[in-house]
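Worksheet for the structure shown next.
The values are calculated or read from the model by the stated rules, or taken from the named source; none is laboratory data. Keep in mind that this is a model prediction, so the values were computed, not measured. Note that we place each Cβ from the backbone using ideal geometry, even for glycine, and neighbour counts take in every protein chain shown. Note: accessible area is taken over every heavy atom of the protein model, side chains too, but ligands, DNA and RNA are not part of it. Shrake-Rupley method; radii C 1.70, N 1.55, O 1.52, S 1.80 Å.
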Amino acid sequence: KLQNWYTLYQIYSGLKQKSKAGVYRNLIVQHYPNSLYAKIIQNPDYYKQLTGKHAEAAKLYDRTYKAFKNQEYYRALNYVERAQKNYFNDTVLMPKFLFIRAISIGKVQVPDSMYKAMQLLIKTYPHSDLIPRAKAVILMLQKEYGIGLTPSQRAALLAKEKNRQKQ
């Protein structure tokens, strides 16, 4: 509905039919006040602000990734914390920040902390492209350390892995 209403709003606005455009504007703002469409309708500069903010987040991500690659894990964690404060709405880059955060935590703390950070990433951004990697890290931690598993669950997981390797 939302996309259709926005499309109709744009069509009627383009045709200079203000009353019909207003109907769809009101529907969007009333029913989906926190949507991107409502924000763009209410503030025409919102999209420009959003893309500017994304560009800032991308620059910070580049610095974060560089720090991570250089094994400067505490610096990377500081950058991620800054991103979480300033760019928490950036659903494209935030999963990447959180993945770097999880791995960095694993480098400077105990594996259990990395496990929890990966779980948070999966829970918060279940549709991210990074989820398969996060799940692979969790599986590795379960096999290696038994994190999140009972001893019998870990034994079953290791036995399954051993049978898979034999085949």
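What are the residue pairs meeting all of these: first residue in the stretch 149-167, first residue closer than 11 Å to Leu139 by Cβ, second residue basic (Lys, Arg), Cβ atoms under 7 Å, and 6 or more apart or on different chains?
That search, which allows pairs on different chains as well, returns Leu157/Lys143; Glu161/Lys143.
Keeping to the stretch 28-57, report how many residues are more than 22 Å from Asn86 (Cα to Cα) and touching a Leu at 6+ places or on another chain (Cβ under 9 Å).
3
Filter the stretch 21-42 for residues that are farther than 28 Å from Met94 by Cβ and without any contact (Cβ under 8 Å) to a residue 12 or more places away in the chain; which is least open to solvent (accessible area, probe 1.4 Å)? Full working, then the answer.
Going residue by residue through the stretch 21-42, those that are farther than 28 Å from Met94 by Cβ are 21-27, 30.
Of the ones still in play, those that are also without any contact (Cβ under 8 Å) to a residue 12 or more places away in the chain are 22-23, 26, 30.
Values: Gly22: 21, Val23: 78, Asn26: 76, Gln30: 135 Å².
Per the criteria, the residue is Gly22.
Could you check Asp45 against (1) at pLDDT below 95; (2) surrounded by 16 or more Cβ atoms within 10 Å (Cβ to Cβ) and say which number it fails?
(2)
Mind counting the residues in the stretch 48-64 that are within 14 Å of Leu93 (Cα to Cα) and open to solvent by 60 Å² or more (accessible area, probe 1.4 Å)?
Total satisfying the criteria: 8.
Only one of these is modelled with pLDDT of 95 or more, surrounded by fewer than 16 Cβ atoms within 10 Å (Cβ to Cβ) and polar (S, T, N, Q): Asn78, Asn163. Name it.
Answer to the check: Asn78.
If only one of Leu8, Leu27 is assigned to a helix (DSSP H, G or I), of a type in the set (A, V, I, L, M) and under 30 Å from the mean Cα position of the chain (by Cα), which one is it?
The conditions single out Leu27.
Between a first residue in the stretch 95-119 that is free of Cβ contacts under 8 Å to residues at least 40 places away in the same chain and a second residue that is part of a loop (DSSP other than H, G, I, E, B) and acidic (Asp, Glu), which pairs have beta carbons less than 8 Å apart while being 6 or more apart in sequence or on different chains?
Every condition considered, the pairs that remain are Pro95/Asp129.
Among the residues of the stretch 10-19, count how many are open to solvent by less than 100 Å² (accessible area, probe 1.4 Å) and more than 16 Å from Asn43 (Cα to Cα).
5
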